[in-house]
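The values are calculated or read from the model by the stated rules, or taken from the named source; none is laboratory data. Computed from a prediction, not measured in an experiment: that's the story for all the values here. Note: ideal-geometry Cβ built from the backbone for every residue, glycine included; neighbour counts use all protein chains shown. Side chains are part of the model used for accessible areas, which takes the heavy atoms of the whole protein and leaves out ligands, DNA and RNA. Shrake-Rupley method; radii C 1.70, N 1.55, O 1.52, S 1.80 Å.
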Amino acid sequence: DTVTAYIDDFEYGESGFVDTAPFAIDDFEGNGTITTWAGDAAGMDNAFANPFIDAINESATVLQYDDTGGQYANVRFDVEPNFDMMAKSKFSLKIYVPSSSISGDQPNQISLKLQDGTANEPWALQTEIIKPIVLDAWQTISFDFANDATAGADDPLDRTDFNRVVLQVNSENNTDTVIAYIDDFVYFN
């Protein structure tokens, strides 16, 4: 007899290990722990049919990020309790940006920003990592706040007030347009 098995989201840990850092993950297939996705000056659909299914991303649904020219367009979510950056400092996601969706001359990039969402001006003391992206292809982008170059507030590992993640495609302070598809967001060690 032949048996076919499909395994997904396998994790390895020590026996008795208790993970006290918040667990933030979203596969946009209904299996995520992130329930507070919101768009700021950008349209967002976190149950959008994946328009570019391939071997890198076979998911049926993804998050569609639709910047129609918002000056500081982004999508974001909040967590509770706050992130423990000393325990876990890495984030990853898959992204696809069709070249036909872009206007203007903004850099092809994605920024992951960590903020205190309870502050009056959460962006004032944010820390961010900016990564280049390629167009017309699914790719996995990782952000490591322990080792990558960061901009904004100093030493993110010492911060205990981060409870918001902001994703921004195509940089900020512009009115250019871009559509991006995001999938398999994970916060990990």
Q: Go through the range 65-79 residue by residue and tally those that are within 13 Å of the chain's Cα centre (by Cα), surrounded by 21 or more Cβ atoms within 10 Å (Cβ to Cβ) and not aromatic (Phe, Trp, Tyr).
A: 2
Q.
If I filter the range 47-60 down to residues being surrounded by 13 or more Cβ atoms within 10 Å (Cβ to Cβ) and in contact (Cβ under 8 Å) with a residue 60 or more places away in the chain, which single residue comes out as farthest from ASN163 (Cα to Cα)?
A. PHE52
Q. What strands (runs of 3 or more DSSP E) lie completely within the range 38-138 and have 3 or more residues being aliphatic (A, V, I, L, M)?
A. 43-49, 109-115
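Search the range 80-107 for residues being of a type in the set (Ser, Thr, Tyr) and within 21 Å of ASN147 (Cβ to Cβ), and hand back the single one that is surrounded by the most Cβ atoms within 10 Å (Cβ to Cβ).
By that ranking, first place goes to SER89.
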Q: Please specify each residue of the range 139-172 satisfying the condition of being in a loop (DSSP other than H, G, I, E, B), within 28 Å of PHE52 (Cα to Cα) and open to solvent by 30 Å² or more (accessible area, probe 1.4 Å).
A: GLU172
Q: Would you mind telling me which numbered condition in (1) in contact with a Pro (Cβ under 6 Å, 6 or more places away or on another chain); (2) closer than 30 Å to GLU58 by Cα PHE185 fails?
A: (1)
Q. Given GLU128, GLU121, which one is over 19 Å from GLY43 (Cα atoms), modelled with pLDDT of 95 or more and surrounded by fewer than 16 Cβ atoms within 10 Å (Cβ to Cβ)?
A. GLU121
